[in-house]
1. What do you get for the angle between helix 119-134 and the principal long axis of the chain? Use alpha-carbon atoms, 0 to 90 degrees, nearest ten.
2. Would you mind checking the tilt of helix 22-36 against the longest principal axis of the Cα atoms of the chain, expressed as 0 to 90 degrees and rounded to 10?
3. Stokes-Einstein diffusion coefficient for the stretch 150-237 at 20 °C in a medium of 1.002 mPa s, Rh from the Kirkwood formula over Cα pairs: what value in µm²/s?
4. Counting only protein heavy atoms and using a 1.4 Å probe, what share of the accessible area of the stretch 157-202 belongs to carbon plus sulfur, as a whole percent?
5. To the nearest 20 debye, what charge dipole does the chain have about its Cα centre, counting +1 at the Cβ of each Lys and Arg and -1 at the Cβ of each Asp and Glu?
6. Rank His74, His88 by accessible area, highest first, at a 1.4 Å probe radius?
7. Can you give me the accessible area per residue for the stretch 113-237, using a 1.4 Å probe, in Å²?
8. Taking Cα centroids, how far is the stretch 129-147 from the stretch 179-199 in Å?
Amino acid sequence: MDTHHITDVWDRVFSAQPGPSLWLVIATGVLALGAVIPRTAWRLSRNAVTIAHEGGHGLVALLTGRRLDGIRLHSDTSGLTVSRGKPHGVGMILTAAAGYLAPSLLGLAGAALLGAGHTTALLWGATALLLAMLVMIRNAYGVLTVVLAGGTFLLVSWLTAPEVQAGFAYAVVWFLLLGGVRPPFELQGKRRRGGAVDSDPDQLARLTHVPAAVWLGFFHVVTLCSLMGGGRWLLGV
């Protein structure tokens, strides 16, 4: 690859692109809502939220100096991230808290990029994160879902017109923002019925001596605020 071509690729990734029309932004939001609200659609689309959830655990584990042993994604949309290190302390707390926050915070970061016109940077960044995550996947279903997700981002970023890239990017970010809100409500419902006795909030309660209900409320606040803030950026208001 010659220097001129490298420069062209660099400029393409990091330069700002014109924003899409408002109708496309709204249409992709409605499309994402249709992937989150209906139960049938959510059974499938929730796999993407699980990728972000477990990826959040894994990324924060690495950033806080823990050793990441592996990530598993299951067909029932559950997942498991295993890391090694001190069983207490700030690193363990941040790692445990990252899962339910990751989809919404990734959506918020994506909304900031799109609001600044960096559609291509978002697509390439998401591809890079998925490829990095693939190295740590430890089961066949997990490999399949991450390869499909990463391949989709790669194909869209390389082979489609800018308008298609923009529509795809906005749909993904809307989905992360909207999809990040639903799991804490689902977890709250399971806990009310006596289930999910060893969920992330329960682990956080043991680590911090702060009640699990408080941590669950914290997840609600962050995910809802991310949706409101990210939505404003996407809509340009």
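1. 40
2. So the inclination is approximately 30 degrees.
3. 140
4. That fraction is 63 percent.
5. 880
6. His88, His74
7. With all protein chains present, the stretch 113-237 gives 49 Å² per residue.
8. First find each Cα centre; the distance between them is then 25 Å.
The values are calculated or read from the model by the stated rules, or taken from the named source; none is laboratory data. Since the structure is predicted, the reported quantities are computational estimates derived from the model, not experimental observations. Cβ coordinates were reconstructed from backbone atoms using ideal geometry, including for glycine residues, and neighbour counts include every protein chain displayed. Ligands, DNA and RNA are stripped out before the accessible areas are found, and what is left, the full protein with its side chains, is counted by its heavy atoms. Shrake-Rupley method; radii C 1.70, N 1.55, O 1.52, S 1.80 Å.
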